[in-house]
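These notes are about the structure you will find just below.
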Amino acid sequence: PGRPGAAGAAAAGQDLPLAPPEEQVLQGRALELKLEEEEEALRQLRMVLRNQCLKLLCEHRWRVFSEPLAEEERKEVEDKGKRPMDLLTCLRRIDQKELGTGKEFQQAVADIVATSESLYSDIIAQEARIISRAHQLADTVGLWVKTIPAELDAKCAKILDARRAEAKREEEEKRAEIRVSSRRAGEVVDDSIKHLDPEAVARKLRQERRLAEEQEALEAKRLEEKEKLEREQREKEEAERLAAEGQGADQVEALQPPSVESLVELQAKLEGEVKDKHSVHDLDSFHACLRQLTWSYRREPNRNKVCLQLLEF
């Protein structure tokens, strides 16, 4: 007697789905042949991609996209959420087996376009031409990718997807094994293999934001102190300049000759003194005293002061 479920399904005219065939596990020589076949396909496509990349590097019109970016330009592109890319980097990724299909090569060229749009402005003629040339490069590569044998490209894409999925699965299993063994041994589990807590991530982001704000505030304070010191230095230099100008004015004032009134008064007083002298001896004595007094003030720059001293004499 058959099973009741099968009989019922047959009676209802429904076909039961067939059980999936067991996955064939290749071992030994069969596995080696399969891996050699896959490597040969990947090698053929890498040679095609490398040849095309070298041709692009040799053409003068794509030279602006050939060399890697400077550190400042790379940081500027990364800050805008884009991945810096150039033709030499594409060639290096092909050689390191990181780029192995036409679609990946086309995506790398799309990154070159995004890099150009991040670095240059479309409102400046020279920079707008560079952006347009980047789009021309993307169109050229897009047309060339269509010439790659579709069967080879699809086969390589399938091989790479399977290998990457296997590598990811092995990495997850390795991390899980490390967590279990560390937990059993009572060891501290590395943070890099722990499951991320959303709240912990949020706290970390807030802390990083707060540290960045504190750093900006500290930098602003440092800049303000620097400006204050520079301002004080300028004020000090200005004060010294004004003091020097004032001293020069004093010297100019000191060199001013005596006033006319002082000279008239001095002349009248000298005439009166001369009239009071009744002998030649008295005049000679007065003249000697006057010469001695004027000689003592020969280095005095303030001539007005000399005149006043003579009046007092």
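Can you name the number of the only condition in (1) more than 29 Å from Lys34 (Cβ to Cβ); (2) within 29 Å of the chain's Cα centre (by Cα) that Asp139 fails?
All conditions are met except number (2).
What's the total number of residues in the stretch 49-69 that are within 26 Å of Ala150 (Cα to Cα) and either surrounded by fewer than 14 Cβ atoms within 10 Å (Cβ to Cβ) or in contact with a Ser or Thr (Cβ under 9 Å, 6 or more places away or on another chain) (or both)?
Residues that pass the stated criteria total 6.
Scanning the stretch 117-128 for residues that are part of a helix (DSSP H, G or I) and either modelled with pLDDT of 95 or more or among the aliphatic types (A, V, I, L, M) (or both), which turns out most open to solvent (accessible area, probe 1.4 Å)?
That would be Ala125.
Of these, Arg163, Arg93, which one is assigned to a helix (DSSP H, G or I), of a type outside the set (Asp, Glu) and open to solvent by 80 Å² or more (accessible area, probe 1.4 Å)?
Arg163
Consider Arg74 carefully, then state whether it is exposed (fewer than 12 other Cβ atoms within 10 Å of the Cβ) and either at pLDDT 85 or above or part of a helix (DSSP H, G or I) (or both). Lay out the reasoning, then the answer.
Values: exposed (fewer than 12 other Cβ atoms within 10 Å of the Cβ): no; either at pLDDT 85 or above or part of a helix (DSSP H, G or I) (or both): yes.
Answer is no for this residue.
Checking Arg183 against (1) open to solvent by 90 Å² or more (accessible area, probe 1.4 Å); (2) modelled with pLDDT of 90 or more, only one condition comes out false. Which one?
Condition (2) is where Arg183 drops out.
The values are calculated or read from the model by the stated rules, or taken from the named source; none is laboratory data. Since this is a predicted model, take the numbers as computed values, not measurements. Virtual Cβ from ideal backbone geometry, glycine too; neighbours counted across all protein chains shown. Quick note on the areas: whole protein, heavy atoms, side chains included, nothing else; ligands and nucleic acids left out. Shrake-Rupley method; radii C 1.70, N 1.55, O 1.52, S 1.80 Å.
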